[in-house]
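All of the numbers you see were taken from the coordinates with simple rules; none came from a lab. Please read these numbers as outputs of a predicted model, since none were measured by experiment. All Cβ positions, glycine included, derive from the backbone under ideal geometry; neighbour counts span all protein chains shown.
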Amino acid sequence: AFSKVHQIGSKDGVLKPKFKELIALGISINTQCEGCITMHIHDAIEKGATHAEIVETIGTAIYMGGGPSVVYGSKAFAALQEFEALSVNPIINSINN
């Protein structure tokens, strides 16, 4: 059922899916959900979010969430770097896996 809710919530509407993922990422950082952070970084990248947009989203989440969000914002940034490394080196990564 939650998957269906996610599909409906991710559809194109007044807010484009990329922006919905960025909002979800900010909320994930503030609710301290590591799995959610990973999923929403991945989905934001897939929906065309840039590095700068994701970093600004992380910064805004930290601004709004205070100290605890620094910890989870750092985890989000590390996840972003990992996903970017995978997309930069897809051939190398497919050989290693």
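Run the numbers for GLU56 and PHE2: contour at 0.36 nm per residue of separation, minus the present Cα-Cα distance, in nm.
16.7 nm
Only helices at least 24 Å long along their axis, Cα-based, and averaging 0.5 or more on Kyte-Doolittle count here, so list those DSSP H runs from the chain.
Taking the DSSP H segments of the chain (at least 24 Å long, mean hydropathy at least 0.5), we get 67-88.
Which of the lysines could be linked to LYS16 by a straight reach, that is with a Cα gap under 22 Å, when you skip same-chain ones fewer than 8 residues away?
Partners within reach: LYS4, LYS47.
Going highest first, how would you order 30-41, 58-69 by mean Cβ packing within 10 Å?
Result, highest mean Cβ count within 10 Å first: 30-41, 58-69.
Can you pull out the trypsin sites (Lys or Arg not before Pro) in the range 1-37 that DSSP calls coil and that have at most 13 other Cβ atoms within 10 Å?
Answer by residue number: LYS11.
Please enumerate, by chain and number, the aspartates and glutamates with C-alpha under 15 Å from the C-alpha of LYS20, excluding those fewer than 8 residues away in the same chain.
ASP12, ASP43, GLU46, GLU53, GLU56
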